[in-house]
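Each remark here refers to the structure printed beneath this line.
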Amino acid sequence: MNALAKSLGDAPGLSPRELQSQIQSALPAQGKARDLHLPLANYASVDALIAELKPTEPIFSISAAKLREAAQSFQTFPGRALYAVKCNPHPFVLETLFRAGITDFDVASLDEVRLIDGMFGTAAGQFFNNPAKTRPAIRIASEMHKIRFYTADCFEEIDKIIQETGDREDLVIAVRLATRGADARYVLSTKFGAQPNEATKMLRYIEQRKIKAGISFHVGSQCLAASAFANAVELAGAVADKAGISLSVLNVGGGFPAPYPGDDIVDREHYFGNVFRGMQEIGLPRGCIVLCEPGRGLVATAGTTIVQVVMRRDRNLFLNDGVFGTLQELGHPKERRPVRVVRDGVRTPGRNVDFKIYGPTCDSNDVLGAPFNLPEDIREGDWIEIGMMGAYSLSMRTHFNGFFADHVVSVGN
Ligand SMILES: Cc1ncc(COP(=O)(O)O)c(C=O)c1O
């Protein structure tokens, strides 16, 4: 049985703090992850990589040190942090996070379930938090991978989970609650999430079936207002109160922002403080497990895309990667990243100007939403290092037009 599910069963009488520490020690000890030591070519720095490879295809580099730093930053979260695999499922990322103490994963598909099980076996906890799952995916996740944590945002999905898992006593179903999305760049509550009145009924429905009930939400990705977390926790508390049920799990989701240029964000502690403030306001029942499931907040700073200028036409640059590759998110006009030009030789001193950036495919949509501010004399053959690309980059690539950025390396320690 999944250790978290077991701790829930054993929970009566334990305070949330005692329970959290019980979980912290129980889960990693449950099994031993396979010693993977994934082979990934390593370079001292991006400059060293470019000097050695002079790459004409895009390269994606991952910094293990930055991943460890991000994992460390979640140690003060007032609960347990899972990693949302969808954000960057590269095995090097997963293994590095796992070794840094992020041993639980939010999974959205059977492929993600199999990936995590294949890499870590029972040493990892898995939470199947996609609110719309196929029946075979639930059945296989339950029977073969022993997943006990599921999320739903409608009665039909709750029934489906119960039918396909066989209504087991260790099952936990969280109701995904819609939250106000105004503070986030990517609002997720327009697709998933029950309104408070419906969520109230669903919680009762779950508890009437003697299944442990929880609430989850996602305030939206790249959430720029820390107070959104306190508000959402308070809403969750009000819904649980109205339902008259005792919450077994409160999952505050992802949304913790990355420090992209132009985004004025407060530090992570402030976000955690808001979660904690909300928890205190609503007075969580004893034994309720508090979770978060960041993606971007754990991996954004650890990835870099290294591209080459294929063609310059006036103030337009055509690169060898674009929105159908690792730069998908940069199609959004508010998305900015730190950029730096690397040239083989001496650059003439000059000012920086804005360039419109196009990707390599023939589609007119293959254009970035915001310009890059780069040296005026940039030319064909120059390389551009695009930083903070760890999130929703590798996982969003397509093979469109025959382009596929698939050269992944690590930089630094
Ligand atoms: C259910 C769920 N959890 C977590 C995440 C990760 O969110 P973020 O990358 O904003 O932290 C997502 C992103 O789509 C999600 O859908």
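We did not get these values from a lab; they are worked out from the coordinates using the rules stated. Computed from a prediction, not measured in an experiment: that's the story for all the values here. Because the Cβ atoms are built from the backbone with ideal geometry, glycine has one as well, and the counts that use them run over all protein chains shown.
Listing His399, His218 from the residue with the fewest other Cβ atoms within 10 Å to the one with the most, what is the order? Could the numbers behind the result be given before it?
Details: His399 10, His218 27.
Fewest-to-most ranking of His399, His218: His399, His218.
Around Ser73, with a cut-off of 13 angstrom between Cβ atoms, what is the net charge of the other residues, counting Lys and Arg +1 and Asp and Glu -1?
Details: positive: Lys66, Arg68, Arg268, Arg296; negative: Glu69, Asp267, Glu269.
My count for the surroundings of Ser73 gives +1.
For the stretch 300-411, a simple Cβ point-charge model (Lys and Arg +1, Asp and Glu -1, everything else neutral) yields a dipole of about 280 debye relative to the Cα centre. Between Met388 and Gly303, the built amide H atoms are under 5 Å apart, and every one of these is 5 or more places off in sequence or on another chain.
If you count the DSSP beta bridges with both ends in the stretch 300-411, what percent of them are antiparallel, to the nearest 5? Please report the intermediate quantities before stating the final value.
Details: 17 of 20 bridges.
Antiparallel: roughly 85 percent of the beta bridges in the stretch 300-411.
Ordering Gly253, Gly287, Thr151 by Cα displacement along the dipole of the chain toward the positive end leaves Gly287 in first place; charges were set at the Cβ atoms of Lys, Arg (+1) and Asp, Glu (-1).
Tell me the mean residue ellipticity at 222 nm calculated for the chain from its helices only (DSSP H runs of n ≥ 4, each -39500 (n - 2.57), averaged over every residue, nearest 500). Please list the in-between numbers first.
Values: 12 runs with 125 residues, N = 413.
About -9000 deg cm²/dmol.
Once you have a ≥ b ≥ c as the square roots of the Cα gyration tensor eigenvalues for the stretch 94-248, tell me rounded if a/c is under 1.5, and otherwise prolate or oblate according to whether a/b is larger than b/c. Because a/c hits 1.5 or more and a/b fails to exceed b/c, the stretch 94-248 counts as oblate.
Using a 10 Å cut-off around each Cβ, can you sort Thr165, Thr56, Thr134 from fewest to most neighbouring Cβ atoms? All intermediate terms of the calculation are to be shown ahead of the outcome.
Values: Thr165 21, Thr56 10, Thr134 13.
Ranking Thr165, Thr56, Thr134 by Cβ neighbours within 10 Å, fewest first, gives Thr56, Thr134, Thr165.
Give me the net charge of Asp153's neighbourhood, meaning all other residues with Cβ under 9 Å from the Cβ of Asp153; Lys, Arg count +1, Asp, Glu -1. Don't jump to the answer; show the numbers that get you there.
Values: positive: Arg176; negative: Glu157, Glu198.
Cβ neighbours under 9 Å give a net charge of -1.
What you get for the chain, charging only the Cβ of Lys and Arg (+1) and of Asp and Glu (-1), is a dipole of about 480 debye around the Cα centre. Couplings 3J(HN,Hα) of the stretch 286-297, computed from phi: 4, x, 6, 8, 9, 10, 10, 9, x, x, 3, x Hz, in residue order, whole Hz [Karplus 6.51 cos²θ - 1.76 cosθ + 1.60, θ = phi - 60°; x for Gly and Pro]. Close amide-amide hydrogen proximity is noted between Val342 and Trp383, Ile384, Glu385, each under 5 Å apart and 5 or more residues distant or on a separate chain (H modeled in the peptide plane; Pro and chain starts excluded). Taken as entire DSSP H runs, the helices of the chain that both span 20 Å or more between Cα atoms along their own long axis and average -0.5 or more on the Kyte-Doolittle scale are 227-243. Given R0 = 35 Å, the distance between the Cβ atoms of Phe155 and Arg277 translates into a calculated FRET efficiency of 0.60.
Remark: the stretch 211-221, residue by residue, has Karplus-estimated 3J(HN,Hα) of 10, 5, 10, x, 10, 10, 8, 9, 6, x, 7 Hz, where x stands for each Gly or Pro and the curve is 6.51 cos²θ - 1.76 cosθ + 1.60 at θ = phi - 60°. Would you mind checking the pairs Lys201/Lys242; Lys133/Lys334; Lys146/Lys191 and listing those with alpha carbons more than 20 angstrom apart? Over 20 Å Cα-Cα: Lys133/Lys334; Lys146/Lys191.
For the chain, with the dipole built from +1 on Lys and Arg beta-carbon atoms and -1 on Asp and Glu ones, taken about the Cα centre, which of Val409, Ala184, Phe60 lies farthest toward the positive end? Going by the charge dipole, the pick is Ala184. So the label point goes 7 Å from the Cα of His407 along Cα→C-beta, right? Which residues of the stretch 341-358 then have their backbone N under 16 Å from it? The answer is 342-344. When only Cα pairs below 8 angstrom with a gap of at least 6 residues are kept, the chain shows a relative contact order of 21 percent. Here the simple spin-label model places points 7 Å from the Cα toward Cβ, and for Ser227 and Ala132 these points are separated by 3.3 nm. Dipole check for the stretch 42-93: with +1 at the C-beta of Lys and Arg, -1 at the C-beta of Asp and Glu, and the Cα centre as origin, the magnitude is about 300 Debye. Panel order for Leu188, Leu177, Leu224, by other beta carbons found within 10 Å of each beta carbon, from fewest to most: Leu224, Leu188, Leu177.
Please compute the contact order of the stretch 300-411 in relative form: average sequence separation of alpha-carbon pairs under 8 Å and at least six residues apart, divided by the residue count, as a percent. Relative contact order for the stretch 300-411 comes out at 40 percent.
Centroid-to-centroid, using Cα positions, the stretch 105-169 and the stretch 45-64 are 38 Å apart.
Excluding Leu394 itself, what net charge comes from residues whose Cβ is under 12 Å from its Cβ, given Lys and Arg +1 and Asp and Glu -1? Overall, the nearby charge balance is -1.
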